[in-house]
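For reference, the structure discussed in these notes is given below.
The values are calculated or read from the model by the stated rules, or taken from the named source; none is laboratory data. Being a predicted model, the structure only gives us computed values, none of them experimental. Reconstructed Cβ throughout: ideal geometry from the backbone, glycine too, with neighbour counts over all protein chains shown.
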């Protein structure tokens, strides 16, 4: 009888021992994770402390970027972007006989990208250039779409349409036919064109060019 009680007691003790061993293992694992976490934090802090910027280098780098700004090339980029995006707007409009909101987003991206690449501007005037030519790209796309549609319906060439309607007449038609959706599209193009036309300096660039 006593032997059976001892066996039972031993059997009951084994799970407790296993649980104790597992808890010790978990604690060791948690301790290692905590140590690794603290180590990674310490390493990150050390890296941040090591990054010291030279004010002279930083000012020289910023001055160099300012000298790279080119307003005439930004205007050229705006013209190119308006022509390309306007032609794309007209082509899609004629092909689908529909105007989608994403047209204006594409116009703003195209114009803003070209203005930023050619102009290398970092100030507000470059954003304004992008906004203006994004709007012009939308209007040009509508005008070209009107010319193509009217030419196909009337069976005349594009030159005849321009002569009959005139640029003023086509602009008046675009303005008179503008609805809320059209104005929304123009607004999106202006906003995106403005936002995408200015160059942004990243932290990585500053560290690469001004770190001690």
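A few notes on this one:
Condition check ((1) out of contact with any strand residue (DSSP E or B) (no Cβ under 6 Å at 6 or more places or on another chain); (2) within 26 Å of residue 195 (Cα to Cα); (3) at pLDDT 85 or above; (4) surrounded by 13 or more Cβ atoms within 10 Å (Cβ to Cβ)) across all residues:
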{"site": "39", "(1), (2), (3), (4)": "yes, no, no, no"}
{"site": "44", "(1), (2), (3), (4)": "yes, no, no, no"}
{"site": "54", "(1), (2), (3), (4)": "yes, no, no, yes"}
{"site": "81", "(1), (2), (3), (4)": "yes, yes, yes, yes"}
{"site": "97", "(1), (2), (3), (4)": "yes, no, no, no"}
{"site": "117", "(1), (2), (3), (4)": "yes, yes, yes, yes"}
{"site": "125", "(1), (2), (3), (4)": "yes, yes, yes, yes"}
{"site": "131", "(1), (2), (3), (4)": "yes, yes, yes, yes"}
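- Residue in region 158-167 that is in contact with a helix residue (DSSP H, G or I) (Cβ under 8 Å, 6 or more places away or on another chain) and modelled with pLDDT of 85 or more present: no
- Which listed residue, of 173, 144, is closer than 30 Å to residue 125 by Cβ, surrounded by 14 or more Cβ atoms within 10 Å (Cβ to Cβ) and in contact (Cβ under 8 Å) with a residue 12 or more places away in the chain: 144
- Inspection of region 122-139 finds a residue satisfying the criterion of being in a helix (DSSP H, G or I) and farther than 30 Å from residue 201 by Cα.
- Taking region 140-212 as the region of interest, the helices (runs of 4 or more DSSP H) fully inside it that hold 1 or more residues being in the same structural domain as residue 111 (by TED's automatic domain parsing) are 158-176, 180-196.
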